[in-house]
1. Based on other C-beta atoms within 10 Å, arrange 287, 391 from fewest to most.
2. Using a 7 Å offset from the Cα along the Cα-to-Cβ direction at both residue 214 and residue 415, what is the distance between the two label points in nm, to one decimal?
3. Report the extension gain between residue 36 and residue 145 in nm, rounded to one decimal, defined as 0.36 nm multiplied by the number of residues separating them, less their alpha carbon distance.
4. Let me know the charge dipole size of the stretch 288-412 about its Cα centre in debye, to the nearest 20, where only the beta-carbon of Lys, Arg (+1) and Asp, Glu (-1) is charged.
5. For the chain, what is the charge dipole size about the Cα centre, in debye to the nearest 20, if Lys and Arg each add +1 at the Cβ and Asp and Glu each add -1 at the Cβ?
6. Which of the pairs 296/432; 121/175; 214/397; 355/397 have their Cα atoms more than 27 Å apart in this structure?
7. Positive end of the charge dipole of the stretch 222-449 (Lys, Arg +1 and Asp, Glu -1 on Cβ, about the Cα centre): tell me which of 320, 416, 374 has its Cα farthest that way.
8. Please give the peptides 409-419, 322-332 ranked by average Cβ packing (other Cβ atoms within 10 Å per residue), highest first, as a rough proxy for protection.
Amino acid sequence: MKVIKHDVNLGDLPYFDSQCSSEQVLRDVVFHADREVPNFPRLRSLTRIHDVLEMNLFLEHRYKGLFMPPKRTNKTNNLGGVSVLTLSSTAYSLSIFLAWLEEHNVAWQEVIAIAPSEKAKYWLPVYRFRKYLIERVEAKEIGRDSANLYMNHVRQFYEWALKQRRIDKIPFEYKTKIIKKKRKDGDIDFLFAGQFAQERGITVTTTDLLIPKKYKQKAFNQNELVPYSREELELLYGSQELLKPASRLWVELAHQCGLRADEVATFPASVVKDPTLIPNKVFYVEITGKLSKTRKVMVSSVLMASLWAYLNSTERQRRLGKWQLEHGDSHSAPLFINRSGKPMIAKSVSNVISKVRAGLDGKMLERDFHDLRSTFATNLAKFMLKQNLPIGFIQYKLMQLLGHSDFSTTQKYINFARSETFDKQMSSWVDKLFGEHLPSLHDDLLAIQQGGNHD
């Protein structure tokens, strides 16, 4: 599953161009009034074509304001619908849902008119997908807020499908709840509860698809930020599991580039180059992260050489062959493909730490996969501070490489790096890891100071 963005024409009153030549097999569609939309997101899949067509029509209706137009006029586009940015977020959520449907060979249209029991409804695809998201929240692969956002977009798609008569019934339940207000009048609220019930709070309608609050992760606490120590990294890299080329690359992409598990799973093969043919010490590689946002990460020539070797390995070529039988085009294939020829999923990537832990013969490794990203951020911050790079540049560069939209999150990594003291061996390791990046960092700094934009 993939979200692609192209310039599209959502013009008014389409018709076939009568000027086409008689030899032309497909007639061109033209519009009475053109409406060009740049970077319009669409889902693409060669195995779920019908589902993709439905979901893309849903996206188009949302953009045109034909379904659930924004209530605030300042949030609408010139057609009365949602913005392309909102649509990109929705498309990303649906791509996750679609990938899950394909992996489990499930049809989203499965609904039950009346569930024979409360437990029976949890076999429906939408509830099984909810359970899958909860598992990802528990594994710290995604936050509860992100999971609820994905679930909310899937709910909207089902509501659209009902309105379009694609399904006969909504496969989830609505419920009302009161968001309580703080009392300012003491016991009078109790005495006149019946008469003034509505004044106790705001009544809202929701569904039973929400991820329960008990799964909410603790707020980011600088004091709880614990990157891998030198000893833990030695345990990790010296484990039997990391003798497997793919497992080692997953860890290295997270530790050396700051990638999340889902970003590793979807790492594009098309960006992998033979470093012996290119004199770069550092490669800037574009990946797709949260909410389909793209960003560029720095890959060292040493890591790129490992990625290139894996790309051309016999095992990877065997898996690519299975991918091509189902998808055809190999250019769109991710670097990491499972034995069945399907895209690797984030859970498989993050589980590598559990496999490492299982083979440590009683030795403790309390960190998880996402902590590798924290290790990257704090180590790079420490390295740049040591090089006396301007603090403003350090803040900018970390936000750019990590894909943060909130500056306060990035600042906590910097604060932690300032307070952390490396021993001589760890300091040497960090210098070696990021030493190749230094000329590129200086080039970036110079470009910014001169008002340019360095890639």
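1. Final ranking by Cβ density, sparse to dense: 391, 287.
2. 3.2 nm
3. Extra length from residue 36 to residue 145 when fully extended: 35.9 nm.
4. Its charge dipole is roughly 20 debye.
5. With only Lys, Arg, Asp and Glu charged at Cβ, the dipole is about 1220 debye.
6. 214/397; 355/397, as the Cα separations exceed 27 Å there.
7. Positive-end residue among those listed: 320.
8. 409-419, 322-332
Read the figures in this text as sums done on the coordinates, not as results from a lab. Note that the structure is predicted; figures quoted are calculated from it, not measured. Cβ atoms come from the backbone with ideal geometry, glycine included; neighbour counts cover every protein chain shown.
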